[in-house]
Amino acid sequence: MEALIPVINKLQDVFNTVGADVIQLPQIVVVGTQSSGKSSVLESLVGRDLLPRGTGIVTRRPLILQLVNVSAEDLRKKTGDENDPATWKHARHLSKGVDTEEWGKFLHTKNKLYADFDEIRQEIESETERISGNNKGISPEPIHLKIFSPNVVNLTLVDLPGMTKVPVGDQPKDIELQIRELILRFISNPNSIILAVTAANTDMATSEALKIAREVDPDGRRTLAVITKLDLMDAGTDAMDVLMGRVIPVKLGIIGVVNRSQLDINNKKSVADSIRDEYGFLQKKYPSLANRNGTKYLARTLNRLLMHHIRDCLPELKTRINVLAAQYQSLLNGYGEPVDDKSATLLQLITKFATEYCNTIEGTAKYIETSELCGGARICYIFHETFGRTLESVDPLGGLNTIDILTAIRNATGPRPALFVPEVSFELLVKRQIKRLEEPSLRCVELVHEEMQRIIQHCSNYSTQELLRFPKLHDAIVEVVTSLLRRRLPVTNEMVHNLVAIELAYINTKHPDFADACGLINNNIEEQRRNRLAREMPSAGSRDKTSSAMGDGAQEAGTGNWRGMLKTSRAEEILAEEKSKPVTVLPASPQRGHAVNLLDVPVPVARKLSVREQRDCDVIERLIKSYFLIVRKNIQDSVPKAVMHFLVNHVKDSLQSELVGQLYKALLLDDLLTESEDMAQRRKEAADMLQALQRASHIIAEIRETHLW
């Protein structure tokens, strides 16, 4: 099972080559407050001085540190291949002729090897300053370092900036929040082990490292605590209770270590000497716990925990890799292969776009929108919901009042008093109302035109992603379809305008529905008139006249003709005269020598109508409403048909030929099929990622074959 960690290192190398962090690999993440001793712990595990040291915040970028155990026997067996960055002889050649068994390699410096660990530290400092600046700024971009040595155990560790409270230097005011988010980004990986570092000379109950670890690992299943600086505790105190887990229990354990002091570092005290002194300190101060604490025990524990953790994570890791491989394969297929036969490719893309456009209208497209109505469904909604409801909301008598109707009746009679309500007034007023149906009808055409324009973008985004490879072809197709729609718009508008004009051209008072409505209205008016006359019967002297007039009116009303409704009822006039006599107020006589302008006499805006005037207005209103409803029904039915014939169906039928006629030309092939600048790069990145995932899948398959899993 020891070979599992090198396998994870191989997987890390695979994904490092493509510069992607799509797979969360098992690793140990070191967290703690600033100057808690994190870097010292890492150096103790490596056994060499390789990390920048100093006061304040030193670690300002995540450092992903891979420790690879290379035995001396393996080094002797190396062939010395100059192209193999892991060979011992290659490292020896790069270290100025000095034989070495340990070396390092950065991802950002490619195949350059470092046998001098002072150079490694300098490279970390310079790379940190290159991204984070030369003051105290931090960056989430990690530095990848791999250490080969026979003195290390196989581990993958991540050193993070220490948690701090107060910004210094050019650090932003929210530096505390930035560091916290950076730490959470790494420890939220469910495949990571959290190494929570706390200094022994602080109260463990206030440990920021354990606090943030519990946020993502409340059960403590992947948290290991490390207590540093055991030798710096106050005189008369010890960490026995802390190390025994009596203060705060940690499931994976609590391990104490002794760091080198700053004086030791200044005096160049080696890590090996420090580990030897650490062992002596533990034997003296904590004899019963010496074999379960210290740097060597920490290294073995981390190695064991990481191996078991890797074993538990591999099934899910394998599934994740297979899923990503399928996704990137689909993405690569979408990018397509380099074009060989441009003529066939162009015709294929044009045909596919035209087919998808028509299918979207018909509702048979491969990609069906689920978040909103699209294509033919929206056109149907426009016809029967938007347009239909708009017409139904148009009031047949909207914009008309009684004075308007009465004025139209008077204007239609000229200078002669009318015995009948003139037909001209009815036609004049009903045409005025019918004209109001033209605007919503033209708006219906506009909405359908806009939806057919939106279908172009829908097909480009969901149905024909190949067009994204060729932006010029995409723009040309959009221009051709837009031009076709633009040409059909005035034709369709003209037809809809004519539909309304046809209704205005001839007011068919013989329409069956209108004749039936007139009969019902006529009978209703006659019945109301008789009831009113019965209640208000005049004196005996005029009873004969009234009876005669009523008989004439009833005879006319019984004809069922709408003109019978317009005939003046003499009986009603007699009743009106009997009931009230209008009082005529004569204007004052003009003074001699002063002309009188009769047009200056004010006309009353509102007044009480006579019985006859009220009856005439009621009749006209009912007739207008009846005929308007007939016309509205016709318009509601004929406009969608006209839009479908002149716009929708015409575009569907002619789209393929229009695209081929304007774009399928030899002179345009090279220009239209020019790929976008970043398409080749994206295809390469997708291919590299797919290859990396396939290699990772192959590595995991080898684990199963060797029964390591």
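Quick look at the numbers
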| quantity | calculated |
| --- | --- |
| Efficiency of FRET between T386 and I131 - r from beta-carbon atoms, R0 56 angstrom, step 0.05 | 0.50 |
| Mean Cβ count within 10 Å, highest first, over the residues of peptides 228-238, 683-693 | 683-693, 228-238 |
| Principal axis box of region 94-224, alpha-carbon based, largest edge first, Å | 51, 36, 30 |
| Inter-label distance for K366 and R300, nm, one decimal - labels placed 7 Å from Cα along Cα-to-Cβ | 6.1 nm |
| Stokes-Einstein diffusion coefficient of region 635-709, Kirkwood radius over Cα pairs, 10 °C, 1.306 mPa s, in µm²/s | 87 µm²/s |
| Inter-label distance for D678 and T109, nm, one decimal - labels placed 7 Å from Cα along Cα-to-Cβ | 3.2 nm |
| For a label point 7 Å along the Cα-to-beta-carbon line of S71, residues of region 146-188 with backbone N under 15 Å | 149-154 |
| Hydrodynamic radius (Kirkwood) for region 178-232, which is based on Cα pairs only, to one decimal in Å | 11.7 Å |
| Nonlocal amide H pairs with V226, under 5 Å, H built at 1.01 Å | A196, V197, T198, I255 |
| Separation of alpha-carbon centers, region 442-510 and region 115-185, rounded to whole Å | 59 Å |
| Mean projected area in nm² (Cα convex hull; one quarter of hull surface) for region 312-450 | 17.7 nm² |
| Whole-number accessible area per residue in Å² for region 311-445, which is evaluated in the context of all protein chains at 1.4 Å | 56 Å² |
| J(HN,Hα) series, region 670-681, from Karplus relation 6.51 cos²θ - 1.76 cosθ + 1.60, nearest Hz, glycine and proline x | 4, 6, 5, 9, 7, 6, 5, 4, 8, 5, 4, 5 |
| Over region 154-270, relative contact order from alpha-carbon pairs under 8 Å, at least 6 apart, % | 20 percent |
| Peptides ranked, highest mean first, by Cβ atoms within 10 Å: ranges 490-501, 252-263, 427-438 | 252-263, 427-438, 490-501 |
| Whole-percent carbon and sulfur share, accessible surface of region 391-440, 1.4 Å | 55 percent |
| Per-pair calculated FRET efficiency, R0 = 25 Å: R410 and N508 via Cβ, rounded to 0.05 | 0.45 |
| ³J(HN,Hα) computed for each position of region 141-155 - Karplus, 6.51 cos²θ - 1.76 cosθ + 1.60, integer Hz, glycine/proline x | 6, x, 9, 9, 9, 10, 10, 9, 6, x, 9, 10, 9, 5, 8 |
| Kirkwood-based Rg to Rh ratio, region 253-336, C-alpha trace | 1.36 |
| For region 352-418, projected area of the alpha-carbon convex hull averaged over all directions, nm² | 8.3 nm² |
| Area of H650 that stays accessible when all protein chains are in place (1.4 Å probe, Å², to 10) | 70 Å² |
| ³J(HN,Hα), Karplus 6.51/-1.76/1.60, whole Hz, each residue of region 377-384, x for Gly, Pro | 5, 6, 4, 4, 5, 4, 5, 9 |
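The values are calculated or read from the model by the stated rules, or taken from the named source; none is laboratory data. A quick note: this is a predicted structure, and the numbers were derived from the prediction, not measured. Reconstructed Cβ throughout: ideal geometry from the backbone, glycine too, with neighbour counts over all protein chains shown. Accessible surface areas use protein heavy atoms only, side chains included; no ligands, DNA or RNA. Shrake-Rupley method; radii C 1.70, N 1.55, O 1.52, S 1.80 Å.
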